[in-house]
Structures are given as C-alpha cells and as structure tokens.
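Colleague: The structure under discussion is supplied below as structure tokens; questions concerning it will follow.
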Amino acid sequence: MGNSVQQIQIKEQLLIINGGFMIEILTRLCWPILKLFETNEEPANYKKSHRVALNILGALFILLSLGSVWVANSSDELGSLLSVVVFFCIGIVSSIVGAFGSNAAVSKIWGTK
C-alpha cells in the first residue's frame, strides 16, 4: 500500500515539474507580447480577480472573433474580416497576459497602479 502511494506522489511531482517546464517554454514563446506589459515594479493594487477577469475577457473576445468569422463568411465582404482580426488579437493578448504574465503585467493591462 505504501509503495503505491509513493508512486502516485512521484507521478504528481513529475507532472508539476513537466507542467512548469511547459509554462516556461510558452512564456518564452509569448515574450514579444509579454514584454510590452511587464514592469519591474511590484503592483500595490493587484488582485487575483483581475487575472481571472482578464482570462474570461480573452476567452469572450476569441469567441466573438469566431462569431465574426461566421458573419463575415455569410456576408462575403472582405472588410468584415477587420473585426475578426481585431477581436482575435485582443483575445489572444488578453489570454497570454492573463495566463503567463506577471502580477505587474496584469495590473498594467487593467491600468491599475
């Protein structure tokens, strides 16, 4: 019984290590976007709910861009793709900063100091 518990704990530790490694790789890949919002100052007015709201906002903008794709496809207008690009970019930037950004980056994107 004790041996199986140890095996489970080792597997959990490996998942944590591998998960941290994946986050590090994704942070490096997203650094061109993150460096726009990163600061060396520690925010005084940061709340965890700011990050949650930013992730939700990013997901909503991505869904809005998907809806815009559907409308753009049915309207056959090339100009309607502008809204798709704008909504998608806002959603991706919000999601990247919400997922991989520091507390200072989240505060900066919200404009809190």
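Colleague: Quick one: Karplus J couplings for segment 82-97, per residue in order, coefficients 6.51, -1.76, 1.60, θ = phi - 60°, nearest Hz, x for Gly and Pro?
Modeller: Result, rounded to whole Hz: 4, 5, 4, 5, 5, 5, 5, 5, 4, x, 5, 4, 4, 5, 5, 5.
Colleague: Would you rank 85, 93 by solvent-accessible area, highest first, keeping every protein chain in place and using a 1.4 Å probe?
Modeller: Correct descending sequence by accessible area is 85, 93.
Colleague: Can I ask one more? For a quick check of your reading of the filter: which GluC sites (Glu not before Pro) in segment 21-102 sit in a DSSP loop and have no more than 16 other Cβ atoms within 10 Å?
Modeller: 38, 41, 77
Colleague: Sort 51, 28 by accessible area with a 1.4 Å probe, largest first.
Modeller: Largest to smallest exposure gives the sequence 28, 51.
Colleague: Using protein chains only and a probe of 1.4 angstrom, how many square angstrom of residue 31 are accessible, to the nearest 10?
Modeller: Rounded to the nearest 10, that gives 120 Å².
Colleague: Over every pair of different alpha-carbon atoms in segment 36-113, take the mean of 1/r and invert it; report that Kirkwood radius in Å.
Modeller: Answer for segment 36-113: a Kirkwood hydrodynamic radius of 13.3 Å.
Colleague: Tell me the net charge near residue 97. Cut-off is 12 Å between Cβ atoms, residue 97 excluded, with +1 for each Lys or Arg and -1 for each Asp or Glu.
Modeller: Once positives and negatives cancel, what remains is +2.
Colleague: Run the accessible area of segment 44-113 with a 1.4 Å probe and give the carbon-and-sulfur part as a rounded percent.
Modeller: For segment 44-113, the apolar C and S fraction of the accessible surface comes to 72 percent.
The values are calculated or read from the model by the stated rules, or taken from the named source; none is laboratory data. Small disclaimer: the values here were computed from a predicted structure and weren't measured. Ideal geometry is used to build each Cβ from the backbone, glycine not excepted, and the neighbour counts take in all protein chains shown. Side chains are part of the model used for accessible areas, which takes the heavy atoms of the whole protein and leaves out ligands, DNA and RNA. Shrake-Rupley method; radii C 1.70, N 1.55, O 1.52, S 1.80 Å.
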